[in-house]
Amino acid sequence: MGPKVSKAKRPKRRWIGISFPSDVESKQDLLRTIESSVLSDYNIKLYDMHLAASVVAKNTRQILDIEDEVGVAIICVLLSDYKDVRLCLASDALHEFTSISSSGKIRLVRNRLGLPVPAGR
């Protein structure tokens, strides 16, 4: 094995907090919804996910004053795709997802959405 790649040489990423429809009932369901949307053109990784009926999603909706019954998730995109993904999320063509917050640090997005750190981290 070669030496570990330094942090400066690794690909830069951005985390985006999104809301998704209440009819999404599982992680696989959300991944299928992403794959069948305009976002399928980008390399997106799903991190945190909380369904609309969960206590965490209800707390996030209350914190952010969101009236719709939606779930929340954090996705990771490459910095090179970030602007395009944000434009897709803001467009009317992608009405099932809404961007809530974004940052270069996942910790900041979790804090803004009021999400707990997953166990084991």
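Every number in this text was worked out from the coordinates using simple rules, so none of it is lab data. No experiment lies behind these values; they were computed from the predicted model shown. Cβ atoms come from the backbone with ideal geometry, glycine included; neighbour counts cover every protein chain shown.
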Item to check | Crossing angle, helix 55-64 versus the chain [Cα axis fit, 0-90 degrees, rounded to tens] | outcome: 90 degrees
Item to check | Partner aspartates and glutamates for Lys58 [C-alpha distance under 17 Å; skip if fewer than 8 residues away on the same chain] | outcome: Asp23, Glu25, Asp48, Glu67, Asp68, Glu69
Next on the checklist: Can you work out the Karplus-derived ³J(HN,Hα) for every residue in segment 83-89? Use 6.51 cos²θ - 1.76 cosθ + 1.60 with θ = phi - 60°, whole Hz, and x for glycine or proline.
Outcome noted: 4, 5, 5, 4, 5, 4, 5
Checklist entry - Once both labels are modelled 7 Å past Cα along the beta-carbon direction, what's the Ala8-Ala119 spacing in nm? => result 4.0 nm
Item to check | Amide H contacts under 5 Å for Thr98, placed H, 5+ residues apart | outcome: Ser19
Checklist entry - Share of Cα-Cα pairs in the chain beyond 23 Å, in percent? => result 30 percent
Checklist outcome for this item: Residue by residue through segment 70-81, the couplings from Karplus 6.51 cos²θ - 1.76 cosθ + 1.60 with θ = phi - 60°, in Hz, x for Gly and Pro, are 10, x, 10, 8, 10, 10, 10, 10, 5, 4, 5, 9
Checklist outcome for this item: Between Leu79 and Arg107, Cβ-based FRET efficiency (R0 22 Å, step 0.05) works out to 0.80
Checklist entry - What share of all Cα pairs of segment 20-78, in percent, falls into each consecutive 10 Å distance bin? => result 23, 51, 25, 1
